[in-house]
Structures are given as structure tokens and as C-alpha cells.
């Protein structure tokens, strides 16, 4: 080592001044690495482009076929590929029903849990309670689907409301279970927003004589409102795109109904059921799932963009 | 309506006086207590849901079963069947099944060439014919034993009652079967491992390098912002859309490659392990990049500056200093992405996981099934025994995920560094 260093010094000393090139040597290896690293980062662009191209291409074929026209697609409420009737609303309403039921469960519970964890719980209590939410968040959705079908429907819903009124497959059961599934998401996003509110705001509120509840609800929650709203919108997007719970528990047949105790297939459930069998690539059923997927992507993308916008637009900035 | 009990910050110009102050404070404190209980109860509801979920799974996976046989094994021979020779077993088989069926078995594989185990299996399946006549849940098995015994005696007089754990060694190793009692998740476990292996081989290097690009190489240009926004939005795309993408690209457009036709495999279509792994890779990649980024960002700037100060190039800095320091975080992120891939079901349904295959996968061009698909399939079948094996498969899945996450937490704590 030492010898090497000395050699280096001697050699550089031997070079007359003015000859040393202080400008960086061109390193091709670095260039190659830079290119590879850039490609790895940019692969995600490929995914997005592929999604868009594939969905539009097949949906184009679908809307181009003689059985379908756009006004029927967006204007009618019967989805029967066998008879050539494609009205997206029978799938859309059940997606909206299950998602709204899920939000009715997840938002109050998630927000309550977030306020408790961020404003009330001591660090020890928090250490015990937080993992419960993390476990709930880690359970695969197919397991929730099993839970909805084997427990929520027969034991809770049919137990309370009677077997005659509640169908075995129903939107309420799927929605309630989905609410439990999304609860941790709402709770953790809201909690992040709440704990980002500076301490001085709470201290100011206590200084004016407010109780803990008044401080949380009147000072902290309004200050974190943009984050909480974003959480609700992201939760909605998750609920709309969720597949396994609705595929198992909500029903296996499109139906235009607003009765949550009845069975009705959602957009995701329909895609899963239709593509699960061996369908022919030439059939209109095959292209129809791409049209549904396009609508689905559009809805979730809109919700995700909206949540980003809400955060930017309504964020209260503190130093 | 009394204004004293209705005090809130917005009521203008009113201040309680004298005894009203105490009443006012008492009301506000009471209200605080009530709401605190409500906030807490949302966590209680969450915990109750989790507890009920686990209870339902365990309730379904253990319990009494009434096993019925067509013939009592003791009637066939005075010795246990396992001790009989192959010839004696063949005689039993010949005596108890129709001649036509016997000839068919002989044609499929001559009895002279069959092993003793295979003949024994035939005797057990065809002659003895053990089947589950009724299955009971764990709770009723523990609490209402007498009632179960009475029911079984009355309805299945020849059946024997035994306590059965639906999750057992045979269940873990056997392939699928249309009879729940004989079904297992053996080939689903292998299928999961194959798919995850392909996914991880692709996602780990690409994800880490993608994270390196975003954190170390990119400058604030329009395409950097595009890539960043794009990755964040991709993480929010529903998983079933990835399934549709996989169906169109890997299963259909690239069928010659994913079915193995280009490599000389003939008996397959595009719905293979390779397609599943590639689809899953697209799904997990944004997650992996985001996790890798977090880990790389946590490496303090001073380490990079020291490295540059000694004349290292950018890649030398990344390779020798940033990545080794970010490794624990990257590992944790990898395990989290892996557990996401393990539990994901929807995209694999779309690209066409086979719900019924009995063979074990042995190449990437095989048809596949994975554990979550089996859970989905068995849950959607009618009949309580299918629920029981679905519950047993859920236990397998949850234990795997628990182990993965425990490893991630251990790694995080073991290698946590403070700068």
C-alpha cells in the first residue's frame, strides 16, 4: 500500500507542470451505468403506456362492434353480453354501493382511531394498538372475501335480519367487510396528517382553556383536514378497485338494484368472473372486459389525482 | 334551550358566570369523556373484527368429522392391510371390485409392475372408500359433543367420529382433488414459490436501480418529474388492471414466448407460471421502487460527500457507500413487496390460473395455481368441507406472511443504524 502510494507521488512529481490534465477523464463505464439506471427508472413509463394502449385498443374494438354503441354503454342499465346488451350502469351502481358502504364504515372508524392514536394514546398504549391496525392492513383481500361469505353474511346479517330478507350474496356484506379492510388505510393516512400539525397549535388551544376534545376537534382536525380528505379519496379509490371481496361476496351476476341486501356484480367482480373461464379472444365478452377496465382505470385515476390536488390546494403550511 | 350547557367557541358574546362556570366545565368534561370512549371504541371494533376473523378461520379448520367406510378393513383380512403382501392385496382388490374395473386398472398399469404402495392406495380408495360423511366446526365439537355423537349415530350408523385437523402434513404436500378430504395445497405452494421467484428475480434488481436513478442520478427535469408522478400513480392502479394488462400482453401477444412454444414446449398455452410472474412483477415494481427510494434517501448526505471528496465517481459512490448503507432498508422493502405478491389474487385470476390441476409444476411453462387462488376457489364452492380446507389454506397463507413480516421487522431492528 505504502509503496504504491509513494510510486504514485513520484510519478506525478515527475510530470512537468502544465501537462497534468485536471479535467475529468471520460469514463464509459459510468455512462453505461447511467443509461441502465435510467432505463430501470423509466420502465414504469412502459407499464403505464402499455396499460393505456392495451385498454384503448381493445375497448376500441369493443365500441367498434355492431352490437355496441356509446349511448347504450353509458345510458342503459342492463348488462347481458349473451343478448348483446351492454349498459355499464348495472355494474357501476353496485361498485358505487359497495364502495359507499365501505366508506361509511371506514371513515368514521378510521378517523376515530386516528384521533385516538394521535391525540389521546400514550406511547405505550399506542405501541399495543398500532400493530392491530397493521395486521388488519396486511391480511390479503381474498381472506376478507372468505370472512364476508362465511361469517358476515350468515352470522351477522342473516342472524339479525333473517334469511328471507338477506340473500347469500349481497352488497351489504361485501361493503361492510371492505370497510374493515380499508379502515387501516384511512387511520394511518389521517394519523400522519394529524401528527404533522405543530404542537404549538395544540398548546395555544389548551392555553385558551379548551378541553382535549375541543382541541382535537376544533384545532387539530381542521388543520389536518386536507390530509384527512385525501385519505378518504384514496380509500374510495381502493374500494372501487377492490376485487376479491366483491367477487366472493357481492354476487355473480350483473343486476341494477339499490337494495344492499340483494346480490349484484361489481365491475371488478365481473372482470374476474368473465376472464376466469376460458374465453375466446375473438368474442365480444373478451373485449368488453377491457372497456370495463378502462372505465375502472379512469375512475380510480381521477380519484387519485383529486386526492393529490386536495392536498396541494388545501394544505395549511406551518413552519 | 339553555345557553350555559350549550357553550361552544362560536357562541358570541356570552361568557358563563358564577355557578354556571362549574356547570359549563362539568358538561364539557363529560362530553370529552364520551367522545374519548367513542374514539377508543373504533379501535376496539377493529380489534374485534380481527379477532372474529381469526376465530372464524380456526373454527373452520379443526373439528370432529364422521368418517365412513364402505367395508370395515377387518372384514377384508385378519391382519392390518399394511402387513399384507402385494399379491394378497391384489386378491382383495379382485374380489371386491367389478371385473371390468379391475381389467381397466391392469391396462392402465399392469399389476405385476405396480408397487405395493400403489396397490394399497387402490384398495383404500376403491374397496374401503373412506369418506367424510359429516364435518363439524371447532366450537360445536368442543361444546356440544353429546349432540354431535347422537346425530352421527342416528344418521350415519357405521361412521366413526374422530377429531380432525384440516391442516396437516398431507394437506401441505398433496395436490388438488375434487374430494375435500383428499385435497391439499402441495402444488399451490410450489406454484406460489415459482411465481414469486420469477417476480423477485425481475423486481429486485430493477426496483433498486430505479430507486438509485430517482435518488442519485436524476436532476429536476421534466422527464424526472414524469417518471416520479407516474410511479406514484401506478401504485394506486387497481391490481385487476395489471391482470388485464398481463392477459393482453403476456398471455396473448407474447404467447409464443410465455407458452414456451419458441423453446420447443408444445402442450401449453400462454396461461403459464412465466406469464404470472411477469404480470406480478409489473404490479410489484412501483412498490419496490418506492421502498428502495425511501431506504436510499435515509443514507445521510455526508457519506456521499465524503466519497466524492476522495475522488470517487458517482457509480463508485453508489455501489460502495450508498447501497451498502441502504441495504437493511432495501431488504425490508423487498420483503414487504414480496408479501404483497404472495397474497395478491385478482391479477392471477384474470390471466387464468388453473383452478384444478393435479400435477406439480416443474418448469416456468407449466400451468399454475397459487395459494390465494385455491382459497378463492374453495371458498366459492358450496359445502362446509370446502370451507374447512379454504380455512386451512388461509392458515398456511397467513403464517407465511407472518413469518415474512417478522423477518422484515427483525432485519429492521438488527441493522438499524443511527447517524
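Evaluate the stretch B:77-213: find the radius of gyration of its Cα atoms, find its Kirkwood radius, and give the ratio Rg to Rh.
Rounded to two decimals, Rg over Rh is 1.17.
Under the Kirkwood approximation for Rh and a Cα-based Rg, what ratio Rg/Rh is obtained for the stretch B:73-119?
Ratio of gyration radius to Kirkwood radius for the stretch B:73-119: 0.97.
Can you give the relative contact order of chain A as a percent, counting alpha carbon pairs under 8 Å and 6+ residues apart?
Computed value for chain A: 23 percent relative contact order.
How crowded by other chains is B:360-366, given as the mean number of beta carbons from other chains within 10 Å of each beta carbon?
0
Please give the helix B:19-61 orientation as an angle from the longest Cα principal axis of chain B, in degrees from 0 to 90, rounded to the nearest 10.
Roughly 30 degrees, rounded to the nearest 10.
Computed on alpha carbon atoms, what radius of gyration and Dmax characterise the stretch B:198-334, expressed in Å?
Cα only, the stretch B:198-334: 18.3, 60 Å (Rg, Dmax).
Two decimals is fine: what is log10 I(q)/I(0) at q = 0.08, 0.09 Å⁻¹ for the protein assembly as shown, from a Debye sum with one equal scatterer on every Cα and no solvent?
Values, matching the q order: -0.80, -0.97.
For peptide B:245-251, what's the mean number of Cβ atoms from other chains within 10 Å of each residue's Cβ?
5
Helix B:145-155 sits at what angle to the longest principal axis of chain B, using alpha carbons and giving 0 to 90 degrees rounded to 10?
40
Sorted by mean Cβ packing within 10 Å, highest first, what order do the peptides B:376-385, B:268-277, B:242-251 take?
B:242-251, B:268-277, B:376-385
How much mean residue ellipticity at 222 nm does chain A get from its helices, if each DSSP H run of length 4 or more adds -39500 (n - 2.57) and you divide by all residues, to the nearest 500 deg cm²/dmol?
That comes out to -21500 deg cm²/dmol.
If I fit a long axis through the Cα atoms of helix A:267-276 and take the longest principal axis of the Cα atoms of chain A, what angle between them do I get, 0 to 90°, rounded to 10?
Around 90 degrees separate the two axes.
Using alpha carbon centroids, what distance separates the stretch B:233-253 and the stretch B:141-207, in Å?
31
Report the relative contact order of the stretch B:41-191, percent, no decimals, based on alpha-carbon pairs under 8 angstrom and at least 6 residues apart.
Here the relative contact order equals 34 percent.
Before anything else, pin down the relative contact order of chain B: Cα pairs under 8 Å, at least 6 apart, normalised by residue count, whole percent.
18
Calculate the mean, over all residues of peptide B:105-111, of how many other protein chain Cβ atoms lie within 10 angstrom of the residue's Cβ.
Mean shielding by partner chains, rounded to a whole number: 0.
Where a number appears in this text, it was derived from the coordinates with a stated rule and is not lab data. Quantities reported herein were computed from a predicted structural model and do not represent experimental measurements. Neighbour counts are summed over all protein chains in view; Cβ atoms, including those assigned to glycine, are modelled from backbone coordinates with ideal geometry.
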